[in-house]
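Novice: Below is one structure. I have some questions about it.
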Amino acid sequence: MAGELLETQPAALRKIVHVDMDAFYASVEQRDDPALRGKPVVVAWKGKRSVVCAASYEARKFGVRSAMPAVTAERLCPQAVIVPPDFTRYKAVSHAIREIFSRHTDIIEPLSLDEAYLDVTENKTGLPTATKVAIAVRRQIREELSLAASAGVAPNKFLAKIASDWRKPDGLFVIQPKDIDTFLPPLPVGRIPGVGRVTEDRLKRIGIQTVGDLRAFELDTLEVQFGRYGRRLYELARGIDHSPVTPDRPTKSISAEDTFEQDIPLSHTEDLIRRLAERVWSASRREARIARTVVLKLKTKEFNIHTRSYTPPAPPTSCEELAAIALSLRERIDLGPERLFRLVGVGLGNFRESREADRSSPA
C-alpha cells in the first residue's frame, strides 16, 4: 500500500512558500506606536469575558497566548499593555503584504490576514529557487512595511507550514525533498495539522508519540481507528500532501470549540460560549465577506453531537449579538437537566459578499 501511495506523488515537485507574519496585530501596534516597542503588548478588548487576539513576543515570555481569556493574560503578565484591536488597519496592512506576494506569483492562498501559501514553482521575478523568493518576500516586507515575517520553503503545503514555524520569529527554514525522511520522524505527532488535543491523546493511547511512531502503523489500522482521517495521517507522516495552493478560496465557515476537562451540565456553558463567540467574531473580522448563519455545536458525555443553527434577518453586527444568538440556540437543546456535555463550539457560516448580504437583508 505504501508503494501505491508514493507512486501518486507528482513527477515534478512543487515549490511552496508559507509566509506567516510574526505576532501580526501586536507588531502592527508596536510599529505604529513607538511607545509600545519593547513592551508586552496584548491585543484584546477590555472586559472579563474578552479573549486575547494577539500577543507580542515580550508578552509571550510570560505565557500569554492568543485565544486565552484576557483576564488570564493580565494575571500572567500584570505589566501588559492592553490594546483594543483595529481590524480596519490590520486589513490595510494585510492588503499591502498581499501586493508584495503578487510581485512573485499569482498563485496565492491566504489563510488569514497574516499568513498565506505561495506556489512559486514558476515565479514572476525569475529568481532561481524558492528559497531566494522567500528571502526577497521577507526583505520587502521588512523594508516597505517595517514588519517581520517568518517563512517556510518545502515541496508541499504541509511541510511548508511546519517549516515556517521552525525558526520563529523572523526566521526562514527550508525542507528539501531529500531531507523529509530524516526531518519528520522525530517530530511530536501534535505538529501534524489537524492533530488537536483530543486526537493527540487518542494517538498516544495506541503508542504513537512521534511521527516516526505513526509511520510504523499500517494504513488499514489507522483507517479503522480514525476513519478517513487515518489515510491523511498515513500520508502526512510520509511527507505526502497533494493539495494545491488554491487562490482566493472562499471561506465556508469559521468556528471555535473547546473540550471541557470535566463533563458539565448545559447550564454551566454560558461563559465558554461567550469566549468562543469572541474568538469567532475576531476571526470573522479578517474576512471581506459577511457570515449570515450562526451555529452552536454541543457534544454530550456519550459523544453524541447536537447542532443548532439560525440565520437572522440581518447578519450579526457585533460580538455581543453573535454571543446572544449562540446562547439562544442553546435553549433549543432539550435533553434534560441531568445530561452532561464534554464539548461546545460556536461557528459562523453561509458567507456572502457584503453587497449580496445587504440585498438579502430586509429594508
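Novice: Regarding the stretch 86-95, can at least one residue be identified that is surrounded by 13 or more Cβ atoms within 10 Å (Cβ to Cβ), part of a loop (DSSP other than H, G, I, E, B), of a type outside the set (A, V, I, L, M, F, W, C) and modelled with pLDDT of 95 or more?
Specialist: No: zero hits.
Novice: Related question: Looking only at strands (runs of 3 or more DSSP E) that fall completely inside the stretch 274-363, which ones have 2 or more residues that are among the aliphatic types (A, V, I, L, M) and modelled with pLDDT of 90 or more?
Specialist: Because the criterion is at least 2 residues that are among the aliphatic types (A, V, I, L, M) and modelled with pLDDT of 90 or more, the strands (runs of 3 or more DSSP E) in the stretch 274-363 that meet it are 290-300, 340-352.
Novice: Which of the residues spanning the stretch 96-118 are crowded, with 19+ Cβ neighbours inside 10 Å and among the small types (Gly, Ala, Ser)?
Specialist: Passing the criteria: only Ala116.
Novice: Does Val28 satisfy being outside the structural domain of Lys161 (by TED's automatic domain parsing), within 29 Å of Asp119 (Cβ to Cβ), at pLDDT 95 or above and surrounded by 21 or more Cβ atoms within 10 Å (Cβ to Cβ)?
Specialist: Working: outside the structural domain of Lys161 (by TED's automatic domain parsing): yes; within 29 Å of Asp119 (Cβ to Cβ): yes; at pLDDT 95 or above: yes; surrounded by 21 or more Cβ atoms within 10 Å (Cβ to Cβ): yes.
It is true that Val28 is outside the structural domain of Lys161 (by TED's automatic domain parsing), within 29 Å of Asp119 (Cβ to Cβ), at pLDDT 95 or above and surrounded by 21 or more Cβ atoms within 10 Å (Cβ to Cβ).
Novice: Pick out the one residue from Ala44, Ala55, Ala70, Ala59 that is touching a strand residue (DSSP E or B) at 6+ places or on another chain (Cβ under 8 Å), more than 30 Å from Phe101 (Cβ to Cβ), buried (at least 24 other Cβ atoms within 10 Å of the Cβ) and not assigned by TED's automatic domain parsing to the domain that holds Lys124. Quick ask: steps written out before the conclusion?
Specialist: Values: Ala44 fails: more than 30 Å from Phe101 (Cβ to Cβ); Ala55 fails: more than 30 Å from Phe101 (Cβ to Cβ); Ala59 fails: more than 30 Å from Phe101 (Cβ to Cβ).
Checking each option against the conditions leaves just Ala70.
Novice: Of all the residues that make up the stretch 253-280, how many are under 14 Å from the mean Cα position of the chain (by Cα) and either of a type outside the set (A, V, I, L, M) or closer than 27 Å to Ile107 by Cβ (or both)?
Specialist: 5
Novice: So, in the stretch 248-266, exactly how many residues are surrounded by fewer than 15 Cβ atoms within 10 Å (Cβ to Cβ) and modelled with pLDDT of 90 or more?
Specialist: Going through the stretch 248-266 one residue at a time, the tally reaches 1.
Novice: Now for a separate question. Filter the stretch 45-61 down to the residues that are assigned to a loop (DSSP other than H, G, I, E, B) and within 22 Å of the chain's Cα centre (by Cα), then identify the one that is farthest from Ala148 (Cα to Cα). Lay out the reasoning, then the answer.
Specialist: Taking the stretch 45-61 first, the residues assigned to a loop (DSSP other than H, G, I, E, B) are 45-50, 52-53, 56, 61.
Adding the requirement that they be within 22 Å of the chain's Cα centre (by Cα) leaves 45, 49-50, 52-53, 56, 61.
Numbers: Trp45: 24, Arg49: 31, Ser50: 27, Val52: 21, Cys53: 18, Ser56: 12, Lys61: 18 Å.
The extreme case among them is Arg49.
Novice: Assess whether Leu184 counts as being more than 18 Å from Lys157 (Cα to Cα), within 22 Å of the chain's Cα centre (by Cα) and surrounded by 18 or more Cβ atoms within 10 Å (Cβ to Cβ). If you could, list the steps in order and put the result at the bottom.
Specialist: Details: more than 18 Å from Lys157 (Cα to Cα): no; within 22 Å of the chain's Cα centre (by Cα): yes; surrounded by 18 or more Cβ atoms within 10 Å (Cβ to Cβ): yes.
Against the criterion (more than 18 Å from Lys157 (Cα to Cα), within 22 Å of the chain's Cα centre (by Cα) and surrounded by 18 or more Cβ atoms within 10 Å (Cβ to Cβ)), Leu184 does not qualify.
Novice: Now, a different point. Looking only at the stretch 289-308, which residues are polar (S, T, N, Q) and surrounded by fewer than 16 Cβ atoms within 10 Å (Cβ to Cβ)? Outline the logic, then answer.
Specialist: Within the stretch 289-308, the first condition is being polar (S, T, N, Q), and the residues that meet it are 293, 300, 304, 307.
Within the stretch 289-308, Asn304, Thr307 qualify.
Novice: Please work out if Lys161 is in contact with a strand residue (DSSP E or B) (Cβ under 6 Å, 6 or more places away or on another chain), among the charged types (D, E, K, R) and assigned to a helix (DSSP H, G or I).
Specialist: On the way: in contact with a strand residue (DSSP E or B) (Cβ under 6 Å, 6 or more places away or on another chain): yes; among the charged types (D, E, K, R): yes; assigned to a helix (DSSP H, G or I): yes.
For Lys161, the condition - in contact with a strand residue (DSSP E or B) (Cβ under 6 Å, 6 or more places away or on another chain), among the charged types (D, E, K, R) and assigned to a helix (DSSP H, G or I) - is met.
To keep it simple, each residue is scored yes or no on (1) in contact with a strand residue (DSSP E or B) (Cβ under 9 Å, 6 or more places away or on another chain); (2) within 23 Å of Cys53 (Cβ to Cβ); (3) of a type in the set (A, V, I, L, M, F, W, C).
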| position | (1), (2), (3) |
| --- | --- |
| Glu278 | yes, yes, no |
| Val294 | yes, yes, yes |
| Lys297 | yes, yes, no |
| Thr307 | yes, no, no |
| Pro313 | no, no, no |
| Ser318 | no, yes, no |
| Leu322 | yes, yes, yes |
| Ala326 | yes, yes, yes |
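Let's see how each residue does on (1) over 23 Å from Arg191 (Cα atoms); (2) out of contact with any Asp or Glu (no Cβ under 9 Å at 6 or more places or on another chain):
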residue: Gly239; (1), (2): no, no
residue: Asp258; (1), (2): no, yes
residue: Glu270; (1), (2): yes, yes
residue: Leu296; (1), (2): yes, yes
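Novice: Does Glu122 count as assigned by TED's automatic domain parsing to the domain that holds Ile16, exposed (fewer than 15 other Cβ atoms within 10 Å of the Cβ) and farther than 21 Å from Ala55 by Cα? Walk me through how you get there before you give the answer.
Specialist: Values: assigned by TED's automatic domain parsing to the domain that holds Ile16: yes; exposed (fewer than 15 other Cβ atoms within 10 Å of the Cβ): yes; farther than 21 Å from Ala55 by Cα: yes.
Here the answer is yes, as Glu122 does meet what is asked.
The values are calculated or read from the model by the stated rules, or taken from the named source; none is laboratory data. Since the structure is predicted, the reported quantities are computational estimates derived from the model, not experimental observations. Using ideal geometry, Cβ is built from the backbone for each residue, glycine included, and neighbour counts are taken over all protein chains shown.
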